[in-house]
Amino acid sequence: MLMGSKPPRAIVTRPEREAAQWVARLQARGIAASALPLIAITAVHSPALRQALEQAREQMGRYRAVMFVSGNAAQHFFESNQVPALCQQALTAINTRVWAPGPGTVAMLRDAGVPGERIDAPGADAAQYDSEALWQVVAGQIGPGDRVLIVRGTSEPGAAGGTGRDWLAAQIGAAGGAVDFVAAYERRAPTLDADQLALARGAAGDGSIWLLSSSEAVAHLAAALPGQDWSRARALATHPRIAQAAREAGFGQVMQCRPAFNEVAASIESPHEH
């Protein structure tokens, strides 16, 4: 960044809770930032999904490992006041490991009372925080007969078990293990108000950098503004698959970096170096 110049504004598209945290941290660093959540997160509403979630909580101790796909998965799994105590008992009783794909999920698990020594996650220097990086850490834990519970979200309220992390499930199966899924939360397209739509249209061509951390968020943005010209828009994606989704949506400039905060902030401050 040139001496005296200001970094471009960042448009933070994470779900509302995470977006507020990222905006606060970016602003504290001197980067103008606005939240535009492109994924709405809610608890599961279907009685069948809620029953399955309660059962999974009660049976946590029967698994070799429980994998939480995100901080939202951890937050909604541990939403009941009784859950942390139950899970503490399960984790103490047997050798259940708790898997997390990245530091945000680790932090939420710690906040929920999961002992740090039970948590497995990619290291801070991992190239990505995803299933592939996690599997490199935990593959040796799984053998024939081991069962793993994957706690994830669902974009289809009626879909039993939720969606996502099929690659990880396939690796567990290839190692002789078995996988159960449970949906702990629902992901939906947000309902953007007039001010949010105006923010999005302006940021399509005013030099702002869109922080994209989900391919699903890119799809929701395109659906919210059909026909919008994104050829002058700039995006910073935290995974190759997200970068590809941004290019397919028509973003004229797509950069990429690891999802670590300091690297994201540095990429905003020096956008032409990435």
Discussion item. Can you find, among 52, 28, 63, the residue sitting farthest towards the positive end of the charge dipole of the range 5-86, where Lys and Arg contribute +1 and Asp and Glu -1 at Cβ?
Written reply: 28
Worksheet, complete the sentence: The summed charge of the residue 61 Cβ neighbourhood (under 15 Å; Lys/Arg +1, Asp/Glu -1) stands at +2
Practice prompt. Please report, to one decimal in angstroms, the Kirkwood hydrodynamic radius of the chain built from all distinct Cα-Cα pairs.
Written response: 19.6 Å
Item to complete: Could you work out how far apart the two model spin labels at residue 225 and residue 244 are, taking each label as a point 7 Å from the Cα in the direction of the beta carbon, and quote it in nm?
Response: 2.4 nm
Worksheet item: What FRET efficiency comes out for the pair residue 191/residue 137, r = Cβ-Cβ distance, R0 = 35 Å, nearest 0.05?
Response: 0.35
Worksheet item: Efficiency by 1/(1 + (r/R0)^6): what FRET value for residue 167 and residue 25, r their Cβ-Cβ distance, R0 = 25 Å, to the nearest 0.05?
Response: 0.25
Worksheet item: Along the charge dipole of the chain, Cβ charges K/R +1 and D/E -1, which of 43, 175, 136 sits furthest on the positive end?
Response: 136
Worksheet, complete the sentence: Cβ density ranking, 10 Å radius, fewest first, applied to 96, 191 yields 191, 96
Discussion item. At 0.36 nm per residue, and after removing the present C-alpha to C-alpha distance, how many nm does the segment from residue 34 to residue 174 gain when stretched out fully?
Written reply: 46.1 nm
Worksheet item: Can you list the trypsin sites (Lys or Arg not before Pro) in the range 189-236 that are in a DSSP coil and have 15 or fewer other beta carbons within 10 angstrom?
Response: 232
Item to complete: List 76, 45, 239 from most exposed to least, where exposure is judged by having the fewest other Cβ atoms within 10 Å.
Response: 45, 239, 76
Worksheet item: Can you give the calculated 222 nm mean residue ellipticity of the chain, where each DSSP H run of n ≥ 4 adds -39,500 (n - 2.57) and the sum is split over every residue, rounded to the nearest 500 deg cm²/dmol?
Response: -11500 deg cm²/dmol
Worksheet, complete the sentence: Computed for the chain: size of charge dipole around the Cα centre, +1 on C-beta of each Lys and Arg, -1 on C-beta of each Asp and Glu, debye to nearest 20, value 140 debye
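Here, each number is a calculation from the coordinates, and none is a lab measurement. Quantities reported herein were computed from a predicted structural model and do not represent experimental measurements. Cβ atoms come from the backbone with ideal geometry, glycine included; neighbour counts cover every protein chain shown.
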